[in-house]
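The values are calculated or read from the model by the stated rules, or taken from the named source; none is laboratory data. Please read these numbers as outputs of a predicted model, since none were measured by experiment. Positions of Cβ are backbone-derived with ideal geometry, glycine not excepted, and every protein chain shown enters the neighbour counts.
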Amino acid sequence: NLAKNLKKMADMPTKVVCTWDKAARIRRNEEIWSNEESIVHRLPEHYKKRYWDNVLADAKPVHYRTPTLRLFWDESRLEEVEVEENPIRPIYPPEANNGLWGGEGVVKGWIESDPFVKKKVLPRRWVPHLWFPNLKKTVLYSEILDKYMNLTVTERALRLIDAHYGLDYYILETPEIDLASKLALKLKREMLLTLARGEYQKEDEEKRDYINNKYARFVISEEEADWVGSI
């Protein structure tokens with residue numbers, strides 16, 4: 001159905017759909033955690049909670065827009081159309097763990113072949129295609145760690161950092177499933193450990209009080225901070 005023929009019928013939210021990757025995560029972890037002799041039962045409680053929050057979480061849409069309504073009326077075919085949310089899950093190569101991609105990844109899909117190419121050269125109408133994110137190097141500053149870092153980022157990651165008013169807020173406020181980067185989890189662990197130990201701006205009392213007041217809501221125990229990023 002063409003989108004231009006669809007007219008809104010009712011203000012109903014879209015149907016909740018459990019994506020295939022989320023179902024696979026739940027199924028795999030259910031097999032592990034249901035085993036009473038498994039070593040996972042020896043893990044600390046705060047880690048178990050953080051781990052399962054990440055397993056049951058839904059990643060924010062990056063490469064698609066979620067439908068706002070559920071039911072539409074097709075004026076061309078004169079029938080009711082129910083819209084479902086089918087998320088586009090990107091592929092994260094190993095290089096994604098070495099930078100901040102903001103949830104972007106490699107998208108696998110299809111493109112229409114050139115209609116003027118002879119049939120013997122390219123007989124298929126639709127050909128597979130890969131879309132890669134645009135990467136660039138930039139220098140970012142962390143107030144908590146008090147260091148400048150030359151990182152590989154995407155434009156979306158820079159926009160998210162600006163929306164959170166800095167690298168530290170972006171790393172600390174974003175869920176692990178949306179960071180989708182081992183480097184981001186490593187930075188999050190270092191920031192939380194620095195806040196827990198109070199190892200920041202020891203020589204400048206004014207800056208120390210500023211950081212202490214600004215990031216007070218992120219302070220957790222050192223034991224709990226040491227487990228962050230182990231998911």
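Restricting Glu203, Glu222, Glu190, Glu176 to those that are under 26 Å from Glu104 (Cα atoms), modelled with pLDDT under 95 and acidic (Asp, Glu) reduces the list to Glu176. Inspect all residues belonging to the stretch 54-63 and state whether any of them is touching a helix residue (DSSP H, G or I) at 6+ places or on another chain (Cβ under 6 Å), under 23 Å from Lys188 (Cα atoms) and either surrounded by fewer than 11 Cβ atoms within 10 Å (Cβ to Cβ) or without any contact (Cβ under 8 Å) to a residue 40 or more places away in the chain (or both). Within the stretch 54-63, one or more residues are touching a helix residue (DSSP H, G or I) at 6+ places or on another chain (Cβ under 6 Å), under 23 Å from Lys188 (Cα atoms) and either surrounded by fewer than 11 Cβ atoms within 10 Å (Cβ to Cβ) or without any contact (Cβ under 8 Å) to a residue 40 or more places away in the chain (or both).
The residues listed here are Val55, Val153, Val83; of these, the one that is over 26 Å from Thr19 (Cα atoms) and β-branched (Val, Ile, Thr) is Val153. Specify the residue that is surrounded by the fewest Cβ atoms within 10 Å (Cβ to Cβ); the eligible residues are those in the stretch 83-113 that are within 19 Å of Val153 (Cα to Cα) and hydrophobic (A, V, I, L, M, F, W, C). Among residues in the stretch 83-113 that are within 19 Å of Val153 (Cα to Cα) and hydrophobic (A, V, I, L, M, F, W, C), the one surrounded by the fewest Cβ atoms within 10 Å (Cβ to Cβ) is Ile91. The set of residues in the stretch 133-149 being part of a strand (DSSP E or B) and within 23 Å of the chain's Cα centre (by Cα) consists of Lys136, Lys137, Thr138, Val139, Leu140, Tyr141, Ser142, Met149.
Residue pairs whose Cβ atoms lie under 6 Å apart, sitting 6 or more positions apart in sequence or on different chains, and linking a residue in the stretch 10-22 that is in contact (Cβ under 8 Å) with a residue 12 or more places away in the chain to a partner that is surrounded by 11 or more Cβ atoms within 10 Å (Cβ to Cβ) and of a type outside the set (A, V, I, L, M, F, W, C), are Met12/Arg70; Thr14/Pro67; Thr14/Arg70; Thr14/Glu85; Val17/Glu85; Thr19/Pro87; Asp21/Arg89. Entry remark, the stretch 78-99: residues being under 15 Å from the mean Cα position of the chain (by Cα), within 17 Å of His63 (Cβ to Cβ) and either part of a loop (DSSP other than H, G, I, E, B) or β-branched (Val, Ile, Thr) (or both) number 7 in total.
Looking only at the stretch 219-231, count every residue that is under 20 Å from the mean Cα position of the chain (by Cα) and crowded, with 16+ Cβ neighbours inside 10 Å and tell me the total. Can you show your working first?
Filtering the stretch 219-231 for residues under 20 Å from the mean Cα position of the chain (by Cα) gives 227-231.
Still in the list and also crowded, with 16+ Cβ neighbours inside 10 Å: 227-229.
Adding up the residues that qualify gives 3.
Please go through the stretch 125-153 and pick out each residue that is under 30 Å from Tyr215 (Cβ atoms), without any contact (Cβ under 8 Å) to a residue 60 or more places away in the chain and hydrophobic (A, V, I, L, M, F, W, C). Give the derivation first.
Kept after step one, since they are under 30 Å from Tyr215 (Cβ atoms), are these residues of the stretch 125-153: 133, 135-153.
Now drop any that are not without any contact (Cβ under 8 Å) to a residue 60 or more places away in the chain, which leaves 133, 135-142, 145-153.
Leu135, Val139, Leu140, Leu145, Met149, Leu151, Val153, listed by residue number.
Count of the stretch 63-108 residues, restricted to those that are among the aliphatic types (A, V, I, L, M) and at positive phi, is 1. Scanning the stretch 150-161 for residues that are within 21 Å of the chain's Cα centre (by Cα) and assigned to a strand (DSSP E or B) returns Leu151, Thr152, Val153.
Please find, among Lys182, Lys207, Lys188, Lys202, the residue that is surrounded by fewer than 18 Cβ atoms within 10 Å (Cβ to Cβ), among the basic types (Lys, Arg) and within 27 Å of Leu56 (Cβ to Cβ). If you could, list the steps in order and put the result at the bottom.
On the way: Lys207 fails: within 27 Å of Leu56 (Cβ to Cβ); Lys188 fails: surrounded by fewer than 18 Cβ atoms within 10 Å (Cβ to Cβ); Lys202 fails: within 27 Å of Leu56 (Cβ to Cβ).
Only one candidate qualifies: Lys182.
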